[in-house]
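Report on the structure given below.
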Amino acid sequence: MHSGLTMITISQTLLSELQAHGVREFPHECCGAMLGEQTLNSETGDLTKQIIELIPIDNHWTVSDDDGFDKRRRFAIRPEDYQAVEKAAKAKNLTLLGFYHSHPDHPAIPSATDLKFAWPNFSYIIQSIITKVPAEIHSYVLDLDAGQFKPEGLEIYA
Ligand SMILES: [Zn+2]
């Protein structure tokens, strides 16, 4: 388990792609996979993840899955979609860094359901979309000891 600081970087082009996906699916949540590379700084122990490609995934949440909320407030990734993105990452010699999803008309704060379905070591980027306009964006990683998400640095470069 990695113990240093983690940071994730995304280009303005890919960020625009991610935001366009969120706007397209509005008022439903969009979701997708983030493929890229990670670099461990052996001196500081810090891990930097660079997103190289986004793969949009259909949101397969159904109301009966859980708590009465629909796709405006929830997303679900099917196991076969998960396997497909893992396979795609391997084929491209990239790492599956994590997943992004949108929060339509809701802040970029992880929900209890987001926590419930989170895996260790992955990054979870949440893009808030307010009245169809991209708003704040944050990235989180699971803190296994605390049993909750902790924010990670998100750097947007030109
Ligand atoms: Zn969420």
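When you go through (1) open to solvent by 80 Å² or more (accessible area, probe 1.4 Å); (2) closer than 18 Å to M34 by Cα; (3) of a type outside the set (S, T, Y); (4) modelled with pLDDT of 95 or more one by one for I109, which number turns out not to apply?
The number of the failed condition is (2).
Among what's in the range 101-120 and is part of a helix (DSSP H, G or I) and not β-branched (V, I, T), pick the residue that is nearest to the ligand (Cβ to nearest atom).
D114
Looking at the range 76-100, which of its residues are within 16 Å of the ligand (Cβ to nearest atom) and not in a strand (DSSP E or B)?
A76, I77, listed by residue number.
Here is a check on your reading of the model: is S128 touching an Asp or Glu at 6+ places or on another chain (Cβ under 6 Å) and either of a type in the set (G, A, S) or surrounded by fewer than 16 Cβ atoms within 10 Å (Cβ to Cβ) (or both)?
yes
Can you name the number of the only condition in (1) under 15 Å from I51 (Cα atoms); (2) among the charged types (D, E, K, R); (3) surrounded by 15 or more Cβ atoms within 10 Å (Cβ to Cβ) that R74 fails?
(1)
The values are calculated or read from the model by the stated rules, or taken from the named source; none is laboratory data. Please read these numbers as outputs of a predicted model, since none were measured by experiment. Here Cβ is always computed from backbone atoms with ideal geometry, including for glycine, and neighbour counts include all displayed protein chains. Note: areas computed on protein heavy atoms with side chains; ligands, DNA, RNA excluded. Shrake-Rupley method; radii C 1.70, N 1.55, O 1.52, S 1.80 Å.
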